[in-house]
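For reference, the structure discussed in these notes is given below.
The values are calculated or read from the model by the stated rules, or taken from the named source; none is laboratory data. This is a predicted model, so every value here is computed, not measured. Using ideal geometry, Cβ is built from the backbone for each residue, glycine included, and neighbour counts are taken over all protein chains shown. For accessibility, only protein heavy atoms count, side chains too; no ligands or nucleic acids. Shrake-Rupley method; radii C 1.70, N 1.55, O 1.52, S 1.80 Å.
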Amino acid sequence: MTVEQKLQDYILDNYKSIMQFAKVADLPYTTVKGIFSRGIWGTSIQNVIKICNTLSLDINALVNGEIKKDIHINELTTHEKKLVVAYRNHPEHQYTIDTILHIDEEEQLIPTLKAARSKDNNQPIEVVNMPDLSKFTPDDSDL
């Protein structure tokens, strides 16, 4: 599914019609329809910004072909705010939470040979990126 199709579906999930969305976004209907037929790359950055602002979408995600809500701190729920406070109050758990949620931006992936070897074949099957385990410390509770 193209980003234009995803965007059109998202608009129709949130508005009664493309026409209604175009009015709210203060864009000509033909401009919005043109994005779906000619592609988002053929429109001006100002129009893309208007669309993202109207739909509260992350413009960087849209450029990468994803439809993702742009989160503003004032839009966090009470529960989400509590999670942020708890995260900050427990630095000893932050690494684990980052790992579970795959949000560690500094994690370095190391190209590693994934291989199945036999007597006559010692060629690697593929190269995969694996996390750097040099900082890994095993949990003594399992010993």
Task: Residues within the stretch 1-18 that are in contact with a Phe, Trp or Tyr (Cβ under 9 Å, 6 or more places away or on another chain), surrounded by 12 or more Cβ atoms within 10 Å (Cβ to Cβ) and free of Cβ contacts under 8 Å to residues at least 60 places away in the same chain, tallied - done: 7
Task: Complete set of residues in the stretch 19-48 that are of a type in the set (Val, Ile, Thr) and open to solvent by 70 Å² or more (accessible area, probe 1.4 Å) - done: VAL24, THR30, ILE45
Open item on the list: Checking GLU105 against (1) modelled with pLDDT under 70; (2) exposed (fewer than 10 other Cβ atoms within 10 Å of the Cβ); (3) more than 30 Å from LYS23 (Cβ to Cβ); (4) more than 18 Å from the chain's Cα centre (by Cα): exactly one of these is not met. Which one?
Closed with: (4)
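With respect to ASN47, is the statement that it is modelled with pLDDT under 80 and assigned to a helix (DSSP H, G or I) true?
No.
Take ASP70 and tell me if it is at pLDDT 70 or above, of a type in the set (D, E, K, R) and open to solvent by less than 50 Å² (accessible area, probe 1.4 Å).
Values: at pLDDT 70 or above: yes; of a type in the set (D, E, K, R): yes; open to solvent by less than 50 Å² (accessible area, probe 1.4 Å): no.
Spelling it out, it is not the case that ASP70 is at pLDDT 70 or above, of a type in the set (D, E, K, R) and open to solvent by less than 50 Å² (accessible area, probe 1.4 Å).
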